[in-house]
Amino acid sequence: MQTAADLVLEYNCPVAQIEAQVRANSRRSLPWLAMAEPHKGHAVIVGGGPSLARHLDEIAWRASIDQTVFAVNGVARHIEGNGIAPHYHVLLDAREHNAAFVGPPNTRTRYIVASQCHDAVFDRLAGRDVTMFHAHTDNVEDWLPRERPPYTLIASGSTVLLAAMCIAYAKGFRKIHLYGADSSFEEAHHAYAQPQNDADDVIYATVAGRTFKTTPWMAAQVEQFQRVARELADGDALITVHGDGLLPTVARAMMLSDAHLEAIKYRSMWDHDAYRCMSPAEAHADWIESNLPQPPARVLDFGCGTGRFTSRLRRKGFDAIGVDFAGNCLDADVDVPLVEACLWDLPSDLKGDAGVCCDVMEHIPPGRVGVVLNAIARAVPKCVFTIAHHPDEMGALIGQPLHLTVREAEWWAAELLKQWRYVHMLGDGRFIAEQTYADARDVVPGQGK
């Protein structure tokens with residue numbers, strides 16, 4: 001048994017009913033959901049929030065380029081009525097009325113259904129392609145049959161949307177997009193009629209200076225999302241939340257709060273003269289420059305630190321720009337353009353012909369590595385990296401570790417290949433990642449994006 005995320009499910013009906021349904025359904029002749037190997041596919045998780053109406057075309061486009069659509073509850077019938085047949089329909093709730101969410105069969109949709117669901121749900125699904133999963137409720141493993149196939153517990157909190165995220169992760173997806181995950185509303189609580197929620201109590205939540213109309217269960221979903229998202233991100237998932245409701249606002253605040261804490265740490269580091277002695281890019285300067293386009297190409301120096309290498313590039317005719325989130329990083333005698341930004345929250349209009357990222361990636365928190373590489377790949381088609389593969393020594397100056405992601409070269413090459421078509425792995429922590437050219441002598445086998 002394995003667990004996707006680590007959060008015990010909360011109950012919305014009697015425990016005795018949950019137990020009886022799990023015991024009965026887990027003995028049905030259905031396959032069980034088990035953990036799959038990671039792959040490069042994209043999972044599109046579709047919830048029923050009001051913003052869904054504004055994103056139907058985008059979801060249809062994602063489906064058209066072979067991204068996998070997971071719809072929850074009544075969303076499946078709604079998007080199918082708008083021409084989008086989901087690949088998977090996910091059901092979690094143990095109450096009988098959930099059977100109403102099951103629409104007529106179609107040739108594409110498969111069903112991922114919790115063992116705690118009511119018999120009526122399974123009766124409606126008779127003859128269809130159904131995989132059963134087990135929600136991580138207290139004592140659930142005591143209720144399962146003694147003889148059981150490999151399986152994973154889905155530890156998702158209290159809502160089917162969070163369960164769908166964990167299910168996608170268990171099925172090997174590491175790029176997860178959320179739509180209709182508002183957890184708030186202005187008028188209707190869903191993008192379509194869902195009378196099961198018409199009597200929900202209305203409360204208000206204030207985040208980042210904005211006040212949102214929500215319900216207790218939606219607010220709980222936002223609270224639980226933060227833990228689930230962090231745990232999946234620590235497992236290398238890249239989660240993108242679309243929309244502008246309560247949950248998307250909290251998701252953006254999570255990223256910014258992480259950036260704020262890291263910025264404080266590095267502002268403290270740059271106050272120590274000893275931290276300025278080394279500039280890794282200077283040690284590799286000739287090699288880096290030989291792999292950049294000719295001046296006056298625009299070069300973005302991601303994590304520029306002291307700015308000494310950025311300044312060298314500018315003296316050689318490059319339109320070089322430093323990027324760092326610690327505003328005090330530049331040496332006193334260095335005068336270069338500086339974009340003060342976190343690497344996992346880069347400005348969308350920051351673009352260059354090539355990038356340099358020297359001894360930076362090992363400083364990125366593990367859950368942010370994919371986000372940072374994706375942001376760099378969107379900014380430049382080619383980037384020269386040096387990445388340290390050992391723990392740091394300088395963090396002792398402030399009593400905090402600096403190298404947060406210490407991995408072998410092959411691991412980094414695999415991460416780079418998720419964003420660039422070609423990766424040259426040259427030894428000593430040196431990599432060249434690019435979209436349009438590869439030298440067969442040193443390119444890592446396989447292709448990325």
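Does the stretch 345-352 include one or more residues that are modelled with pLDDT under 95 and farther than 27 Å from Gly235 by Cβ?
The answer is yes; a qualifying residue exists.
List, please: which pairs have Cβ atoms under 7 Å, are six or more places apart or on different chains, and start with a residue in the stretch 12-38 that is closer than 16 Å to Leu153 by Cβ and end with one that is surrounded by fewer than 16 Cβ atoms within 10 Å (Cβ to Cβ) and of a type in the set (S, T, N, Q)?
Once the first residue is closer than 16 Å to Leu153 by Cβ and sits in the stretch 12-38, its partners that are surrounded by fewer than 16 Cβ atoms within 10 Å (Cβ to Cβ) and of a type in the set (S, T, N, Q) give Met35/Gln2.
Which residue out of Val228, Val241, Val160, Val202 is among the aliphatic types (A, V, I, L, M), out of contact with any helix residue (DSSP H, G or I) (no Cβ under 7 Å at 6 or more places or on another chain) and within 26 Å of Ile84 (Cβ to Cβ)?
Val160
For the stretch 194-227: of the residues being surrounded by 16 or more Cβ atoms within 10 Å (Cβ to Cβ) and part of a loop (DSSP other than H, G, I, E, B), which is modelled with the highest pLDDT?
Across the stretch 194-227, the extreme among qualifying residues is Thr215.
Yes or no: Val323 under 30 Å from Glu408 (Cα atoms), at pLDDT below 95 and among the β-branched types (Val, Ile, Thr)? Full working, then the answer.
On the way: under 30 Å from Glu408 (Cα atoms): yes; at pLDDT below 95: no; among the β-branched types (Val, Ile, Thr): yes.
For Val323, the condition - under 30 Å from Glu408 (Cα atoms), at pLDDT below 95 and among the β-branched types (Val, Ile, Thr) - is not met.
State all residues of the stretch 120-137 that are not in a loop (DSSP other than H, G, I, E, B) and not basic (Lys, Arg); if no residue qualifies, say none. Walk me through it before giving the result.
Quick first cut of the stretch 120-137, residues not in a loop (DSSP other than H, G, I, E, B) only: 120-124, 130-135.
Ala120, Val121, Phe122, Asp123, Val130, Thr131, Met132, Phe133, His134, Ala135 - these are the residues of the stretch 120-137 that are not in a loop (DSSP other than H, G, I, E, B) and not basic (Lys, Arg).
One line per residue, one yes/no per condition, for (1) of a type in the set (S, T, N, Q); (2) more than 24 Å from the chain's Cα centre (by Cα):
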position: Arg312; (1), (2): no, yes
position: Asp319; (1), (2): no, yes
position: Asn328; (1), (2): yes, yes
position: Gly355; (1), (2): no, no
position: Met361; (1), (2): no, no
position: Thr386; (1), (2): yes, yes
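Among the residues of the stretch 122-130, is any over 27 Å from the mean Cα position of the chain (by Cα), in contact (Cβ under 8 Å) with a residue 60 or more places away in the chain, under 17 Å from Trp32 (Cα atoms) and buried (at least 21 other Cβ atoms within 10 Å of the Cβ)? Outline the logic, then answer.
Keep residues of the stretch 122-130 that are over 27 Å from the mean Cα position of the chain (by Cα), which gives 122-129.
If we keep only those that are in contact (Cβ under 8 Å) with a residue 60 or more places away in the chain as well, we get 122.
Restricting the remaining residues to those that are under 17 Å from Trp32 (Cα atoms) gives 122.
Filter once more, so that each one left must be buried (at least 21 other Cβ atoms within 10 Å of the Cβ): 122.
Yes, the stretch 122-130 has at least one match.
Give me a count of the residues in the stretch 360-403 that are open to solvent by 50 Å² or more (accessible area, probe 1.4 Å) and at pLDDT 90 or above.
Residues in the stretch 360-403 being open to solvent by 50 Å² or more (accessible area, probe 1.4 Å) and at pLDDT 90 or above: 5 in total.
If you take the residues in the stretch 159-193 that are within 20 Å of the chain's Cα centre (by Cα) and among the hydroxyl-bearing types (Ser, Thr, Tyr), which one is most open to solvent (accessible area, probe 1.4 Å)?
Checking each candidate, the answer is Tyr169.
Taking the residues in the stretch 414-431 that are open to solvent by 30 Å² or more (accessible area, probe 1.4 Å) and part of a strand (DSSP E or B) as candidates, determine which candidate is farthest from Trp287 (Cα to Cα).
Tyr422
From the set of residues in the stretch 72-83 that are closer than 18 Å to Leu161 by Cα and touching a helix residue (DSSP H, G or I) at 6+ places or on another chain (Cβ under 6 Å), which is surrounded by the fewest Cβ atoms within 10 Å (Cβ to Cβ)?
So the residue we want is Gly74.
Wholly within the stretch 1-119, which strands (runs of 3 or more DSSP E) include no fewer than the required count, namely at least 1 residues that are modelled with pLDDT of 90 or more, touching a Pro at 6+ places or on another chain (Cβ under 8 Å) and of a type in the set (Phe, Trp, Tyr)?
Once the strands (runs of 3 or more DSSP E) in the stretch 1-119 are filtered for at least 1 residues that are modelled with pLDDT of 90 or more, touching a Pro at 6+ places or on another chain (Cβ under 8 Å) and of a type in the set (Phe, Trp, Tyr), what remains is 68-72.
The values are calculated or read from the model by the stated rules, or taken from the named source; none is laboratory data. Keep in mind that this is a model prediction, so the values were computed, not measured. Quick reminder, even Gly has a Cβ in these numbers, built from the backbone with ideal geometry, and neighbours come from all protein chains shown. Only protein heavy atoms, including side chains, enter the accessible area calculation; ligands, DNA and RNA are left aside. Shrake-Rupley method; radii C 1.70, N 1.55, O 1.52, S 1.80 Å.
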